[in-house]
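The values are calculated or read from the model by the stated rules, or taken from the named source; none is laboratory data. For clarity, every value in this text was computed on a predicted model and none was experimentally measured. Quick reminder, even Gly has a Cβ in these numbers, built from the backbone with ideal geometry, and neighbours come from all protein chains shown. Please note that ligands, DNA and RNA were not included when accessible areas were found on the heavy atoms of the full protein model with its side chains. Shrake-Rupley method; radii C 1.70, N 1.55, O 1.52, S 1.80 Å.
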Amino acid sequence: MKIKKYPIGNRIKTLRKELDKLQRQLAAEVGVSRTTIGKWERNEVKPNVENLPALSKALKKPISYLLIGE
């Protein structure tokens, strides 16, 4: 079975929408700006390793899922 790989930003956006959260809500939970969330979702930049635990908690997925989609 072939697994499709998507950039981390796509996973962040999909998970955020599944949880019915606005970018500003996710930003507040993670401790970053709404602009930063937008850049992540557009794959302009990747989240810093320091942000991954809070992002994982806010999106209710393990860090490994955020990073590699599995």
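What is the sum of charges around THR35, taking Lys and Arg as +1, Asp and Glu as -1, for the other residues whose C-beta is under 13 Å from the C-beta of THR35?
Combined, the nearby Lys, Arg, Asp and Glu give +2.
Quote the accessible area belonging to LYS39 in square angstrom, nearest 10, computed with a 1.4 Å probe and with ligands, DNA and RNA left uncounted.
Estimated to the nearest 10 Å², LYS39 gives 80 Å².
What part of the accessible area of the chain, given as a whole %, is carbon or sulfur when the probe is 1.4 angstrom?
Result for the chain: 53 percent of the exposed heavy-atom area is carbon or sulfur.
Over the chain, give the accessible area per residue in Å² for a 1.4 Å probe, as an integer.
69 Å²
In terms of the Cα gyration tensor, with a ≥ b ≥ c the square roots of its eigenvalues, is the range 17-70 rounded because a/c is under 1.5, prolate because a/b exceeds b/c, or oblate?
Because its axes are fairly even, with a/c under 1.5, the range 17-70 counts as rounded.
Of GLU41, GLU18, which has the most accessible area with a 1.4 Å probe, and how do the rest follow in descending order?
GLU18, GLU41
So for the pair LEU22, ILE68, with labels modelled 7 Å out along Cα→Cβ, what separation do we get in nm?
A separation of 3.7 nm, rounded to one decimal place.
Once amide H atoms are placed 1.01 Å from N in the peptide plane, what residues at a sequence separation of 5 or more from LEU19, or on another chain, have their amide H within under 5 Å of its amide H?
none
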